[in-house]
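The values are calculated or read from the model by the stated rules, or taken from the named source; none is laboratory data. Since the model is a prediction, treat every value here as computed from it, not as a measurement. Positions of Cβ are generated from backbone atoms using ideal geometry, with glycine treated the same way; all protein chains shown enter the neighbour counts. Just the protein is used for accessible areas: all its heavy atoms, side chains included, with ligands, DNA and RNA removed. Shrake-Rupley method; radii C 1.70, N 1.55, O 1.52, S 1.80 Å.
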Amino acid sequence: MSLTFLLLGIALLSALSFVFGRQRAVALSGGRYSNLHSLPVHYGTYTALWCGLPALALLFVWYALQGSVVQALIVSDLPADITSDPGKLSLALNAISLIAADNAAHLDVAPEVVEAGQRLATLHTISNSALIVVLLSVALLGLTLSYRRIFPDMRARNNVERIVRYLMIGCSAIAILSTLGIVFSLLFEALHFFSKISPVDFLFGLEWSPQTAIRADQVASEGAFGMIPLFAGTLLITFIAMLVAVPVGLFSAIYMGEYASSTFRAWAKPALEILAGVPTVVYGFFAALTVAPFLRDSGAVLGLSVSSESALAAGLVMGIMIIPFVSSLSDDVMSQVPQSLRDGSYGLGATKSETIRLVIFPAALPGIVGAILLAVSRAIGETMIVVMAAGLAANLTANPLQAVTTVTVQIVTLLVGDQEFDSAKTLSAFALGLVLFLVTLGLNVFALKVVQKYREKYD
């Protein structure tokens, strides 16, 4: 039975538990809800939570441990000549999985492996059947125990609130632990990379050429892993994008928030926000097929040498993509400035432009800075537009008319296709990801400090 059907089954049992718990509370009240400590819906919710949550927890633990337990049982029955060799063991496990999935007609393997595949299929069947029985038992047990605990003086609302509070704490812990897991996985693989490549060469190197030769006598057999060209390309494209997005976004936000009529604002703002919903691959097509050729032809007319894939083309289109981030967020922030500040400014004789420049904009500055830094983070992490419009050449240049590449593009390039996971080339993606994570974290911390500083001043 698939996971979807199991989740639907648990949801159905929880719904039935809610009905049973509520009906029992209504029956015990004798028709007067004032005889109950809580509303009948709280008793129903209490029963539903005790039916569904233990079953969901069991389902999560079962799926987390099922694979490793079943694999350990299969490996324990394999011959020693297979289990002692990691390469043979990996091939045998792949063959066993194919046999269990009845997709191994083309395989020529040992009888022990065939027998292990058949046993794996049997174990999966037994495990799935046992999971259904255990889940049903746990859900019914929770329903029965919670149903029998329902009495008029039972504090159902307090119990429900306590369970929901623990549930929220658990969800918060999952979010935090997931973040820590991502950071530690990056850190572990990055340290593995730095055991092969010097951190100084990586952080301060001026050449990026991760291609490594198979033989030691080939040219550039060790590769070059200097990250400076990648971050220079990232900053160059981000800078161009922000040159487009910040003024256009801010001025459009000011116009729609302070000057435009309500009718114009009602259709202009949603139309502008449509840009945020356009897939980035569409922007990539626009950059590669329209903007880049236009810039190349215009440069030829002016006598400039413009590459077919340039940082300027990628930055311009990326800036267009980011305009809604700056515009919508800035508009929302400026609309929240108290009307009393505007009235006070007008009462002192200030014009509308002076009120915007000296009152509204400073009061909304924390939110505007946050919007801009959010847009910067969005630009740094963008990949598709850069791949299609800026190219893959890791050139260390400040010329926007030349091809450059970014960190995210190189990470994708390094991890695409069949790669040797233990090589410096593949591991360098994790080192790049770690540095990129630290950069975006620094931007977010800086934005938080700015917001806190000016919020204390204007609140």
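The table below lists the values:
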| item | result |
| --- | --- |
| Members of region 313-345 that are open to solvent by 40 Å² or more (accessible area, probe 1.4 Å) and over 30 Å from Ser262 (Cα atoms) | Leu316 |
| Residue check, Asp108 among the acidic types (Asp, Glu), open to solvent by 70 Å² or more (accessible area, probe 1.4 Å), outside any helix (DSSP H, G or I) and farther than 30 Å from Val164 by Cβ | yes |
| Identity of the residue in region 109-154, without any contact (Cβ under 8 Å) to a residue 60 or more places away in the chain and small (Gly, Ala, Ser), that ends up nearest to Gly30 (Cα to Cα) | Ser137 |
| The listed residue being at pLDDT 85 or above, more than 38 Å from the chain's Cα centre (by Cα) and open to solvent by 90 Å² or more (accessible area, probe 1.4 Å), out of Arg165, Arg149 | Arg149 |
| Members of region 15-27 that are open to solvent by less than 70 Å² (accessible area, probe 1.4 Å) and not hydroxyl-bearing (Ser, Thr, Tyr) | Ala15, Phe18, Val19, Gly21, Arg24, Ala25, Val26 |
| Residue that is assigned to a loop (DSSP other than H, G, I, E, B), polar (S, T, N, Q) and free of Cβ contacts under 8 Å to residues at least 24 places away in the same chain, where the choices are Asn94, Asn103 | Asn103 |
| Residue match in region 29-38 (condition: under 30 Å from Leu93 (Cβ atoms) and among the small types (Gly, Ala, Ser)) | no |
| Among (1) surrounded by fewer than 13 Cβ atoms within 10 Å (Cβ to Cβ); (2) in contact with a Pro (Cβ under 9 Å, 6 or more places away or on another chain), the one test that His37 misses | (1) |
| Residue identified as at pLDDT below 85, within 24 Å of Phe5 (Cβ to Cβ) and of a type outside the set (Gly, Ala, Ser) among Asp102, Asp81 | Asp102 |
| Elements of type helices (runs of 4 or more DSSP H) in region 355-459, at least 3 residues being within 18 Å of the chain's Cα centre (by Cα), modelled with pLDDT of 80 or more and surrounded by fewer than 16 Cβ atoms within 10 Å (Cβ to Cβ) | 424-458 |
| Region 35-50 residues that are among the acidic types (Asp, Glu), paired with ones that are surrounded by fewer than 24 Cβ atoms within 10 Å (Cβ to Cβ) (beta carbon under 7 Å, 6 or more apart) | none |
| Residue pairs meeting the criteria (Cβ under 9 Å; at least 6 apart or on separate chains; first touching a residue at least 12 places away in the same chain (Cβ under 8 Å) and among the charged types (D, E, K, R), in region 59-79; second part of a helix (DSSP H, G or I) and surrounded by 13 or more Cβ atoms within 10 Å (Cβ to Cβ)) | Asp77/Glu112; Asp77/Glu115; Asp77/Ala116; Asp77/Arg119 |
| Unique residue being over 30 Å from Ala121 (Cα atoms) and among the polar types (S, T, N, Q) when the list is Ser29, Ser2 | Ser29 |
| Selection count, region 257-275, where residues are farther than 17 Å from Phe325 by Cβ, among the small types (Gly, Ala, Ser) and surrounded by 10 or more Cβ atoms within 10 Å (Cβ to Cβ) | 2 |
